[in-house]
Amino acid sequence: MKIAVLPGDGIGPEIVAQAVKVLNSLGPKFDLETAPVGGAAYDIAGHPLPPATLALAKEADAILFGAVGDWKHDTLPRELRPEQAILGLRKHLELFANFRPAICYDQLTAASSLKPEIVGGLDILIIRELNGDIYFGQPRGVRTSELPLFKGAREAYDMMHYSEPEVERIGHVAFDAARKRSKKVCSVDKANVLETSQLWREVMIRVSKDYPDVELSHMYVDNAAMQLVKEPKAFDVVVTGNLFGDILSDEAAMLTGSIGMLPSASLDKNNKGLYEPSHGSAPDIAGKGIANPLATILSVAMMLRYSLGMLDEAHRIEAAVQKVLAQGLRTVDIYTDGTTKVSTVQMGDAVVAALS
Ligand code: NAD
């Protein structure tokens, strides 16, 4: 099985190196090929997603991605910024379904800013549509305003957009996922204000008819943001659009204590996927050897489960992560008194040791 390894920028290479170490220690041989992406690719090839990197991602069975983005590239035109690489991969590979589990490990309950009784045992799955919405809608741009009050001023605009088939396919993904969990889907929208959300809700209700065993509820996005901190365990599978999902999944991530713990998968209709940590390139800690590699290591577990059909190996990695946490090993982002502070490399080594 061929895996494209795209480390990217900032802490990307450090955390991906640990994930590759874990993958290689599993036993089965994987054909790993590395390529530059993001700012690192711009520096070498003048583009954040060079054709050779895209070709490798297309031919691989799965993609292991670190993170992209660096302060030194912040002044580049939008189309050349490192973040365009991830948007380009999602678009070119039609990775429309983003899975972001938010799990609060027992050993890390104290690291959450919420009370232990609210967050302890949390295990929810946010499914975010990735290919549509305001991030890709056309037209978009900057123009001169024609509004009477602001006539002649510069204004910018973006288009929120969803078609019925786009909502249908993410709806099916969410209901299928719910069938393997607690059989509850909460669809998040803003149907009281937005046309796009009214269509979204209508289609979700239609899709739900194919899943009589799964309970569908609806929630406005502003309420969902509140409920996620008030009573997060009331959710199980949350399905939402690209913009709302971007914000809510980060909020859910922080419930669990550290964004450094959370993996993610972005899948196409055949379950080929791109696997990456939920966090960004963390330029503030890059090169210091202190980044938490567990989100990336857990992303490898998701890759084995969803794209490579290797469920036993996926379980082994997840169990190994639980074991190192139980041993009290912590990178600085999840460190609390009485635990042992370890570096990025030491954490990777500990997971490898726990696997054997
Ligand atoms: P970020 O997730 O990179 O960092 C937010 C905070 O969390 C920082 O304090 C960072 O040090 C910490 N953090 C993140 N990952 C960590 C880890 N594994 N271990 C320990 N601490 C960790 O978000 P940001 O600062 O808003 O963005 C930085 C760059 O990343 C920007 O250029 C942004 O565009 C990019 N970004 C990329 C992706 C992606 O590649 N998919 C996603 C989000 C942000």
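The values are calculated or read from the model by the stated rules, or taken from the named source; none is laboratory data. Note that the structure is predicted; figures quoted are calculated from it, not measured. Positions of Cβ are backbone-derived with ideal geometry, glycine not excepted, and every protein chain shown enters the neighbour counts.
Confirm whether Lys341 is within 16 Å of the ligand (Cβ to nearest atom), free of Cβ contacts under 8 Å to residues at least 60 places away in the same chain, touching a helix residue (DSSP H, G or I) at 6+ places or on another chain (Cβ under 8 Å) and not aliphatic (A, V, I, L, M). Write out each step before concluding.
Numbers: within 16 Å of the ligand (Cβ to nearest atom): yes; free of Cβ contacts under 8 Å to residues at least 60 places away in the same chain: yes; touching a helix residue (DSSP H, G or I) at 6+ places or on another chain (Cβ under 8 Å): yes; not aliphatic (A, V, I, L, M): yes.
Yes: the conditions hold for Lys341.
Name the residue, out of Leu95, Leu80, that is among the hydrophobic types (A, V, I, L, M, F, W, C), at negative phi, more than 10 Å from the ligand (Cβ to nearest atom) and within 16 Å of the chain's Cα centre (by Cα). Walk me through it before giving the result.
Details: Leu80 fails: within 16 Å of the chain's Cα centre (by Cα).
Testing whether each residue is among the hydrophobic types (A, V, I, L, M, F, W, C), at negative phi, more than 10 Å from the ligand (Cβ to nearest atom) and within 16 Å of the chain's Cα centre (by Cα) leaves just Leu95.
Conditions tested, residue by residue: (1) of a type in the set (A, V, I, L, M, F, W, C); (2) over 19 Å from Ala17 (Cα atoms); (3) in contact with a Cys (Cβ under 8 Å, 6 or more places away or on another chain).
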| position | (1), (2), (3) |
| --- | --- |
| Val221 | yes, yes, no |
| Met226 | yes, yes, no |
| Ala234 | yes, yes, no |
| Leu255 | yes, yes, yes |
| Ser258 | no, yes, no |
| Leu262 | yes, no, no |
| Ala265 | yes, no, no |
| Asp268 | no, yes, no |
| Ala295 | yes, no, no |
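Run Tyr135 past the list (1) at pLDDT below 95; (2) within 16 Å of the ligand (Cβ to nearest atom); (3) under 25 Å from Tyr306 (Cα atoms) and report the number of the one that doesn't hold.
Single failed check for Tyr135: (3).
Kindly establish whether Gly88 is without any contact (Cβ under 8 Å) to a residue 40 or more places away in the chain and not acidic (Asp, Glu). I'd like the intermediate steps shown before the answer.
Working: without any contact (Cβ under 8 Å) to a residue 40 or more places away in the chain: no; not acidic (Asp, Glu): yes.
Judged against the criteria, Gly88 is not a match.
For the stretch 113-155, which positions are polar (S, T, N, Q) and surrounded by 12 or more Cβ atoms within 10 Å (Cβ to Cβ)?
Taking the stretch 113-155 and keeping what is polar (S, T, N, Q), we get 113, 131, 138, 144-145.
Listed by number, the residues that qualify are Asn131, Ser145.
Could you list, in sequence order, the residues of the stretch 51-60 that are within 24 Å of Leu23 (Cβ to Cβ) and either touching a helix residue (DSSP H, G or I) at 6+ places or on another chain (Cβ under 9 Å) or within 12 Å of the ligand (Cβ to nearest atom) (or both)? Break it down stepwise before answering.
Going residue by residue through the stretch 51-60, those that are within 24 Å of Leu23 (Cβ to Cβ) are 52-60.
Once the filter is applied, which keeps residues that are within 24 Å of Leu23 (Cβ to Cβ) and either touching a helix residue (DSSP H, G or I) at 6+ places or on another chain (Cβ under 9 Å) or within 12 Å of the ligand (Cβ to nearest atom) (or both), the stretch 51-60 yields Ala52, Thr53, Leu54, Ala57, Lys58.
Output yes when any residue across the stretch 275-287 is away from the ligand (no atom under 11 Å from the Cβ), surrounded by fewer than 18 Cβ atoms within 10 Å (Cβ to Cβ) and in the same structural domain as Ile15 (by TED's automatic domain parsing), and no when none is.
yes
Filtering the stretch 28-45 down to residues that are touching a residue at least 24 places away in the same chain (Cβ under 8 Å) and more than 13 Å from the ligand (Cβ to nearest atom), which residue is farthest from Ala314 (Cα to Cα)? Reasoning before the result, please.
Residues of the stretch 28-45 touching a residue at least 24 places away in the same chain (Cβ under 8 Å): 28, 30-42.
Next, only the ones that are more than 13 Å from the ligand (Cβ to nearest atom) stay: 28, 30-36.
Numbers: Pro28: 13, Phe30: 15, Asp31: 18, Leu32: 18, Glu33: 21, Thr34: 22, Ala35: 24, Pro36: 26 Å.
Among residues in the stretch 28-45 that are touching a residue at least 24 places away in the same chain (Cβ under 8 Å) and more than 13 Å from the ligand (Cβ to nearest atom), the one farthest from Ala314 (Cα to Cα) is Pro36.
Output yes when any residue across the stretch 313-331 is farther than 19 Å from Val20 by Cβ, within 16 Å of the ligand (Cβ to nearest atom), without any contact (Cβ under 8 Å) to a residue 40 or more places away in the chain and crowded, with 16+ Cβ neighbours inside 10 Å, and no when none is. Break it down into steps so the answer makes sense when it comes.
Going through the stretch 313-331, the residues farther than 19 Å from Val20 by Cβ turn out to be 315, 319, 322-323, 325-330.
Filter once more, keeping what is within 16 Å of the ligand (Cβ to nearest atom): 325, 329-330.
From what's left, without any contact (Cβ under 8 Å) to a residue 40 or more places away in the chain: 329-330.
Filter again for crowded, with 16+ Cβ neighbours inside 10 Å, leaving 329-330.
Within the stretch 313-331, one or more residues are farther than 19 Å from Val20 by Cβ, within 16 Å of the ligand (Cβ to nearest atom), without any contact (Cβ under 8 Å) to a residue 40 or more places away in the chain and crowded, with 16+ Cβ neighbours inside 10 Å.
Being farther than 26 Å from Leu125 by Cβ, without any contact (Cβ under 8 Å) to a residue 40 or more places away in the chain and either of a type outside the set (A, V, I, L, M, F, W, C) or in contact with a Pro (Cβ under 7 Å, 6 or more places away or on another chain) (or both) is the requirement here; does Asp9 meet it? Working first, answer last.
Numbers: farther than 26 Å from Leu125 by Cβ: yes; without any contact (Cβ under 8 Å) to a residue 40 or more places away in the chain: no; either of a type outside the set (A, V, I, L, M, F, W, C) or in contact with a Pro (Cβ under 7 Å, 6 or more places away or on another chain) (or both): yes.
It is false that Asp9 is farther than 26 Å from Leu125 by Cβ, without any contact (Cβ under 8 Å) to a residue 40 or more places away in the chain and either of a type outside the set (A, V, I, L, M, F, W, C) or in contact with a Pro (Cβ under 7 Å, 6 or more places away or on another chain) (or both).
Look at the stretch 215-246 and say how many of its residues are of a type in the set (A, V, I, L, M, F, W, C), within 22 Å of Arg181 (Cα to Cα) and in contact with a strand residue (DSSP E or B) (Cβ under 6 Å, 6 or more places away or on another chain).
Result for the stretch 215-246: 7.
Restricting attention to the stretch 334-356, report how many residues are β-branched (Val, Ile, Thr) and assigned to a helix (DSSP H, G or I). Spell out the reasoning first.
Going through the stretch 334-356, the residues β-branched (Val, Ile, Thr) turn out to be 334, 336, 339-340, 342, 344-345, 351-352.
Filter again for assigned to a helix (DSSP H, G or I), leaving 334, 344-345, 351-352.
Residues in the stretch 334-356 being β-branched (Val, Ile, Thr) and assigned to a helix (DSSP H, G or I): 5 in total.
Working only within the stretch 297-306, note down all residues that are of a type in the set (Ser, Thr, Tyr) and either touching a Cys at 6+ places or on another chain (Cβ under 9 Å) or surrounded by 24 or more Cβ atoms within 10 Å (Cβ to Cβ) (or both).
Keep residues of the stretch 297-306 that are of a type in the set (Ser, Thr, Tyr), which gives 299, 306.
Of everything in the stretch 297-306, just one residue is of a type in the set (Ser, Thr, Tyr) and either touching a Cys at 6+ places or on another chain (Cβ under 9 Å) or surrounded by 24 or more Cβ atoms within 10 Å (Cβ to Cβ) (or both), namely Ser299.
I'd like to verify a number: residues in the stretch 300-333 that are within 21 Å of the chain's Cα centre (by Cα) and not in a helix (DSSP H, G or I), how many?
Summing the residues that are within 21 Å of the chain's Cα centre (by Cα) and not in a helix (DSSP H, G or I) in the stretch 300-333 gives 5.
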